[in-house]
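The values are calculated or read from the model by the stated rules, or taken from the named source; none is laboratory data. Nothing here was measured: the structure is a model prediction, and the numbers come from that model. All Cβ positions, glycine included, derive from the backbone under ideal geometry; neighbour counts span all protein chains shown. These area figures cover heavy atoms from the full protein model, side chains too; ligands, DNA and RNA do not enter into them. Shrake-Rupley method; radii C 1.70, N 1.55, O 1.52, S 1.80 Å.
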Amino acid sequence: MKKLHVNVSVNNNDLEFLCNPEDTLLDVLRNDLNLTGTKEGCSTGDCGACSVILDKKLVCSCLVLAAEVDGSDIDTIEGMAEENKLHVLQEKFLEHAALQCGICTPGILIAAKSLLEKNQNPTEKEVRYWLAGNLCRCTGYDKIIRAVLDAAREMRKDYGPNYS
Amino acid sequence: MDQITPKTTKEFKIVGTRPLRPDGIDKVTGKAMYGADLYAPNMLYGCLLRINEPHAFIESIDTSNAEQLSGVKSIVTFKDFIKINPDNKNNQILENCIANEKVLYDGHAVAAVAAVDLSTAKKALKLVKIKYKKLPFVITIEDAMKIGAPVVAIGKKNENIPDGYSDNVIQYCSFGHGNLEEGFKAAHKVIKRTFKTPSVHQGYIEPHACLASMSNDGKADLWCCTQGHFNVRSICSSIFKMDNSQLKVTASEIGGGFGGKTTVFIEPIALALSQKSGHPVKMVMSREDVFKATGPTVSSLVDVEVGMKKTGKITAARAIIRYEGGAFPNETYELGAQSAFAAYDLDAVKTEAFNVLTNRPTQAAYRAPGAPQSIYAVESVIDELCQFFNQDPLYVRILNAAKKGTKSSYGPTFDDIGLKATLEAAKNHPHYTSPLKENQGRGISCGFWFNFGGNTCVSLNINFDGTVGVVEGNPDIGGSRSSISQMAAEELGISLDKVKTVIADTNSLGHNDVTDGSRVTFSVGLATIKAAKAAKKELCKRASKLWGIDEDAVIWKDGYAHPAGANAGNQEPLSLEDIAKVSSQTGGPIAGHYEVNADGAGVSFGVHLVDIETDMETGHSKIIRYTVFQDAGKAIHPSYVEGQMQGGSVQGIGWALNEEYIYSSDGKLQNPGFLDYRIPVASDLPMIDPVILEIPNPGHPYGVRGVGETSIVPPLAAINNAVSRATGIRFTELPLSPPRVLKAILNKQ
Amino acid sequence: MVKVKIWGSLKNLADGSDYVSVTGSNFKEVIDNISLKYPGLKPQITRGVSLAVDGKIYKESWFTPINEDSEVVLMPYMQGG
């Protein structure tokens, strides 16, 4: 079968790849672009481990066909820290011990980042509902929720009331 | 988050603090390498053909068409493996990975293919022709035990099985002491109930994955996500009749295990595919395969009978426990029988337990295996008795609590145990006296787990620049690198940033038991402290050489070698770094090591308090407040101790409220995915409040007690009791999902 | 002689008592002598046993010392999860 040619920007890098029509975005990120920070937990969109931001929308990359993303901007966990400076969320996850095994962490960080871009002052309930599509089996979510709330506080402080 | 710490003689500087975990940056930036993250040159993709029948006789497997497909490099069935003794446990593990003569459960694999890419491998699977004959099957414990039931496997029965059961009942045990008849006679009330719990899955988010490379000269490399790579080596080298030394297993980072990654499911298959093809082979399980063919926990059917005086004193207690764990023998039933009444000081107690074979996936350990099911039944009956006598449930538990000198229900007499202190902490906590609203109920339960030690090796190397490398052999499943580094730094008296802990492959260290039994902080910690002590001895020796004094005239204190008293001289103390820097000139590199099969882990108790609100119109139960009390002995890194308490609690909450394996009448699993097998999500829960008690364990130099498993035990009964009190209906079957609770509410009305 | 408490389901395989008595001064001697003196218990000993000595559980350490007045309890081989 003929492969499809796709142009895409991943973490602000212009890239191109060839894929089969049935390949998912997750397959291509992991197997072709060497971006294995995005994890596969279920491949049915239930666990959120493969969360990425596609044109400013939070998606499960296992549910997106790679051929569909031509011309898109994609943010993955590998692009979250700037150079060697961790994102506030990453710092807060470490500070609050919000990860145990760490397999769900990239997906949860991406999802939390997309929340804080939309809502800089979420309530605990809002964080819990936003992250309800990201399964974590180790932590019971307690420390994750605390880390996200603390990161939101910190970001409001750092960037002022109008940050985006 | 409280910490209740009695006065101890030991003053710690680093132990008990909350440093950032050393592997943290890799894990928040996506750099950490998990099971599926390794790629090798010229690598093939392997996958397994599974049969969707609960029980079938395999008549033939024809792989000829699949072999012809371009890109297919090797195909493996059970016949490709060397014949080993069928009673050998490792052979049973292999037969679970790939069926021998019979398909034993829905999803049992029968053939494997390796091809240049995954889509070719999947195409090839469709070309494999399997002829099989369906056999009658058994799914439930009740059906499997009946005389005349279809027999899952013949010849597995132990010598001590009582008469009156089918051949699926293969293992039996009983424990206890005292005169039950007299005990029940002395009671003012005896309550007997039958309880059921479903199979639930460990539900780790990372599916099993491995990359194997094996050549025809019998050498192999294996990379995989596992709770114990030395165990993977033992199993695989036995299956392939290889020397241990020729199979190097490297543990990747692990994305959760909870007991489910203590055995193998794909590793021998990947090795065989690699050996046959001459290529490295990568295998990654799908989530559906994880649900169908890796270990859920046992399902249970438990009768509990407890007699109580109106004062709350228990006079006699008895349990008959029946566990089902699939088609192979396992020992979980024994742990259920031993754990059931461990929290109580009883004059008359008896537990009996049966293990029953069924056509379901082979059980694997799940956090305190066997304890949640039996303790759920016991703690539910005790709560019902407390309600009957209108007695305070915490008072009754304190009144009957096991303590030092109690003859435990499983035999030995307890030494110091922290149960009473834990119960009292719960009683004094504001949660216990906070008011409840309408349709709300408060549940409480004790929990127990044994905790283990086991084989452990640690090497501790002092580098020339005064930094320290700790080499250990247990995968870091929840922050253990941090606690191990903290103990090394504490013992050596140096700062934490000078220490790095790595997890060695199987050729770089002696055997280490699996990361299980809540053993790592206890055992690896113990070995690390002892290895540090050995290194300190050598450091003192080098200092003595430098000072020209006797070796025993030097002592180690706070990171420095000091002359031991005035007679030894008044030399300036030498730091670890001072000595390390000249170690090449004073005799060579300095290291310490320690190897042990550790005993003395000490048992662990926990108490959980939960408030639940049940919606009487929908049957949905919401957790309003949850508090966990547990003795950690000494919390090395309190954040990760809290994490174990919170995470285990939430797994127990899932078990109590939602999770279950659902089978259709044709013996097939109906919900092998996270959509229909619903584990708790963030919006289901409140904060989980952990209260750490620290009653030092005399078996560990810093007093550490394992904390990993106990927390999954109490939630089942705590929630059952809360929902029962909220609704006024006694429940005896999990999960308390909305349909089950609603049905009971409607029946009552 | 060391008095060893056995668990309930082993009773009928020994001589019907809650206890067996054997000579031995450590873990290995005690379990070896149980196997010899009570052949009915041999299959279980072969499958694996641990011992609790004075309340502390020893998984399999052969040279754990055992005194005649120690409280010794035979237990199924301890394994974790």
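Structural remarks
- Every residue from region B:291-322 that is open to solvent by 10 Å² or more (accessible area, probe 1.4 Å) and outside any strand (DSSP E or B): B:Lys292, B:Lys309, B:Lys310, B:Thr311, B:Lys313
- Unmet criterion (only one of (1) outside any helix (DSSP H, G or I); (2) crowded, with 24+ Cβ neighbours inside 10 Å; (3) in contact with a Gly (Cβ under 7 Å, 6 or more places away or on another chain)) for B:Ala718: (1)
- Taken over region B:515-534, the residue count meeting the criterion of being out of contact with any helix residue (DSSP H, G or I) (no Cβ under 7 Å at 6 or more places or on another chain) and buried (at least 24 other Cβ atoms within 10 Å of the Cβ) is 10.
- Residue match in region A:113-129 (condition: in a loop (DSSP other than H, G, I, E, B), open to solvent by less than 10 Å² (accessible area, probe 1.4 Å), within 8 Å of chain B (Cβ to nearest Cβ) and of a type outside the set (Lys, Arg)): no
- Only one of B:His593, B:His620, B:His608 that is closer than 25 Å to B:Lys536 by Cβ and modelled with pLDDT of 95 or more: B:His593
- Which listed residue is outside any loop (DSSP other than H, G, I, E, B) and basic (Lys, Arg), from B:Lys437, B:Lys427: B:Lys427
- For A:Asn162, the conditions (1) modelled with pLDDT under 95; (2) touching a helix residue (DSSP H, G or I) at 6+ places or on another chain (Cβ under 8 Å); (3) open to solvent by 30 Å² or more (accessible area, probe 1.4 Å) all hold with the exception of (2).
- Residue within region B:183-194 that is buried (at least 19 other Cβ atoms within 10 Å of the Cβ), aromatic (Phe, Trp, Tyr) and outside the structural domain of B:Glu709 (by TED's automatic domain parsing) present: no
- Test: B:Ser274 is more than 14 Å from chain A (Cβ to nearest Cβ), assigned to a strand (DSSP E or B) and open to solvent by less than 10 Å² (accessible area, probe 1.4 Å): no
- Listed here are the strands (runs of 3 or more DSSP E) enclosed by region C:2-71 that have at least 2 residues being of a type in the set (S, T, N, Q) and open to solvent by less than 50 Å² (accessible area, probe 1.4 Å), and there are none.
Table: residues versus (1) within 14 Å of chain C (Cβ to nearest Cβ); (2) farther than 29 Å from B:Ser480 by Cα.
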| site | (1), (2) |
| --- | --- |
| B:Gly517 | yes, no |
| B:Phe522 | yes, no |
| B:Ala534 | no, no |
| B:Ala553 | no, yes |
| B:Pro563 | no, yes |
| B:Ala598 | yes, no |
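- Some residue of region C:59-68 being out of contact with any strand residue (DSSP E or B) (no Cβ under 8 Å at 6 or more places or on another chain) and either within 13 Å of another protein chain (Cβ to nearest Cβ) or farther than 28 Å from B:Gly699 by Cβ (or both): no
- Residues of region B:434-454 that turn out to be in contact (Cβ under 8 Å) with a residue 12 or more places away in the chain and farther than 30 Å from C:Leu51 by Cα, as a count: 9
- Filter pass, A:Thr24 being polar (S, T, N, Q) and within 9 Å of chain B (Cβ to nearest Cβ): no
- Restricting region B:725-749 to residues that are in a loop (DSSP other than H, G, I, E, B) and not polar (S, T, N, Q), the residue that is farthest from the chain's Cα centre (by Cα): B:Gly728
- A:Gln100 being over 30 Å from B:Val707 (Cα atoms) and either outside any loop (DSSP other than H, G, I, E, B) or in contact with a helix residue (DSSP H, G or I) (Cβ under 9 Å, 6 or more places away or on another chain) (or both): no
- One residue stands out in region B:195-242 among those that are acidic (Asp, Glu) and crowded, with 19+ Cβ neighbours inside 10 Å: the one that is farthest from the chain's Cα centre (by Cα), namely B:Asp221.
- Residue within region B:43-51 that is touching a Pro at 6+ places or on another chain (Cβ under 6 Å) and not in a strand (DSSP E or B) present: yes
- Only one of the numbered conditions (1) under 30 Å from B:Thr528 (Cα atoms); (2) assigned to a loop (DSSP other than H, G, I, E, B); (3) open to solvent by 30 Å² or more (accessible area, probe 1.4 Å); (4) within 14 Å of another protein chain (Cβ to nearest Cβ) is violated by B:Ala32, and that is (3).
- Single unsatisfied condition, B:Ile14 versus (1) part of a loop (DSSP other than H, G, I, E, B); (2) open to solvent by 20 Å² or more (accessible area, probe 1.4 Å); (3) within 13 Å of another protein chain (Cβ to nearest Cβ): (3)
- Tallying residues that are touching a helix residue (DSSP H, G or I) at 6+ places or on another chain (Cβ under 6 Å) and within 14 Å of chain C (Cβ to nearest Cβ) within region B:477-514 yields 3.
- The strands (runs of 3 or more DSSP E) located wholly in region B:593-701 that include 2 or more residues which are open to solvent by 30 Å² or more (accessible area, probe 1.4 Å) and within 20 Å of B:Arg725 (Cβ to Cβ) occupy B:621-631.
- Hits in region B:334-358 (condition: part of a helix (DSSP H, G or I) and either in the same structural domain as B:His55 (by TED's automatic domain parsing) or open to solvent by less than 10 Å² (accessible area, probe 1.4 Å) (or both)): B:Gly336, B:Ala337, B:Gln338, B:Ser339
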